[in-house]
1. Can you tell which of V149, V190, V102 shows the greatest fluctuation in a Gaussian network model of the chain with Cα springs below 10 Å?
2. Can you say what percent of the DSSP beta bridges in the chain, counting only those with both residues inside, are antiparallel? Round to 5.
3. Starting from the residue with the highest accessible area, list T248, T196 in decreasing order, probe 1.4 Å.
4. Any chance you could run the full-extension gain for K264 through L283? It's 0.36 nm times the residue separation minus the Cα-Cα distance, nm to one decimal.
5. Give K79/K280; K136/K174; K79/K264; K79/K257; K75/K264 a once-over and call out the pairs whose C-alpha atoms are over 26 Å from each other.
6. Restricting to Cα pairs below 8 Å that are 6+ residues apart, what does the relative contact order work out to for the chain? Please round to a whole percent.
7. Whole percent per 5 Å bin, from 0 to the bin with the longest distance: what is P(r) over all C-alpha pairs of the chain?
8. Given springs between every Cα pair under 10 Å in a Gaussian network model of the chain, which of G107, G65, G222 has the largest fluctuation?
Amino acid sequence: MKHTSRRNACKVLVAAAALACISGTALAEGGSLADIKARGQLTVGTEAAYEPYEFVENGVVVGYGRDVLEHMARKLGVKLVQLNLPFQGLLPGLMSRRFDFVATSVGITEERAKRFAFSRPIGIVRSMLVVSTANKALNRPEDLASKIVGTQMGSQAQPVAQEFDRQLKEKYGKGFAELKLFQAYPDVSVALGNGTLDVGVLPSNVLAVQMRRQPNSFRMIGEIGSPRLLAWVANPRDEEIRSFINATLEEMRASGKLAELQKKWFGETMALPTADYLPKGAL
């Protein structure tokens, strides 16, 4: 418990230090599109650690989100400045106008939506069931009964897997043979490959990366739980900026550009809602 507390305290200090470093050098001084154009740059805050949405490659931030941001910057006629910061510093930095908006994959939750201005969804994460291509016996979620299932410890996929285990027991009288918890998702993929695991539960974005890097090694047999919507976040005082994000995403959707980028980074397109995506009481 003490170790966890120290670790969390360190994360907060790192976030605070990162914000302090950018103060006075990359502040978004106003909250309108006119202010952004006057400065000649669109400044956004990102935690580039969620491949393929946003991640660092050869020292620069790349990914699905980066491509969308570059389109937005071109539309405004300004340069893009993308600050890579710890997640803990992003929403506080947004409220103190360190940047124009948060452009990282933030899960839409009821609590957050009451305090921050979410854009329309930029992405979606689903809990996917994955097997090795050599495994021909498993083809649907119901086949998980009496099988060894694995996912990352402490991840959002863990409670989803545990709930599905409970549902199997309730419906069929037996659940997983075992739920193995690993330190990281890549460990799940290794276990699938060497046969010590029958089924892996992986987030759809992580699976997209794995299947791109190891083609023909894995196959999907379904998904469990409810999809989780991801969005960008604007300061509640900056409605014009949120409207700009939403309008641009709609333009890109209508033109097919958004689907093109999704295909590029995820290998498939996403069915993202354009209405009724915010919880009750949201800003």
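1. In the Gaussian network model the winner is V190.
2. Details: 25 of 40 bridges.
For the chain, the DSSP antiparallel bridge percentage is about 60.
3. Values: T248 0, T196 70 Å².
Accessible-area ranking of T248, T196, largest first: T196, T248.
4. On the way: separation 19, 0.36 × 19 = 6.84 nm, distance 3.23 nm.
The K264-L283 span can extend by a further 3.6 nm.
5. Values: K79/K280 36 Å; K136/K174 21 Å; K79/K264 23 Å; K79/K257 20 Å; K75/K264 21 Å.
Over 26 Å Cα-Cα: K79/K280.
6. Working: 501 pairs, mean separation 73.4, N = 283.
Reported relative contact order: 26 percent.
7. P(r) for the chain, in whole percents per bin: 1, 5, 11, 15, 16, 15, 13, 10, 7, 4, 2, 1, 0, 0.
8. G222
The values are calculated or read from the model by the stated rules, or taken from the named source; none is laboratory data. Note that the structure is a prediction, hence the values are computed from the model and not measured. SASA here: full protein model, heavy atoms, side chains in, ligands and nucleic acids out. Shrake-Rupley method; radii C 1.70, N 1.55, O 1.52, S 1.80 Å.
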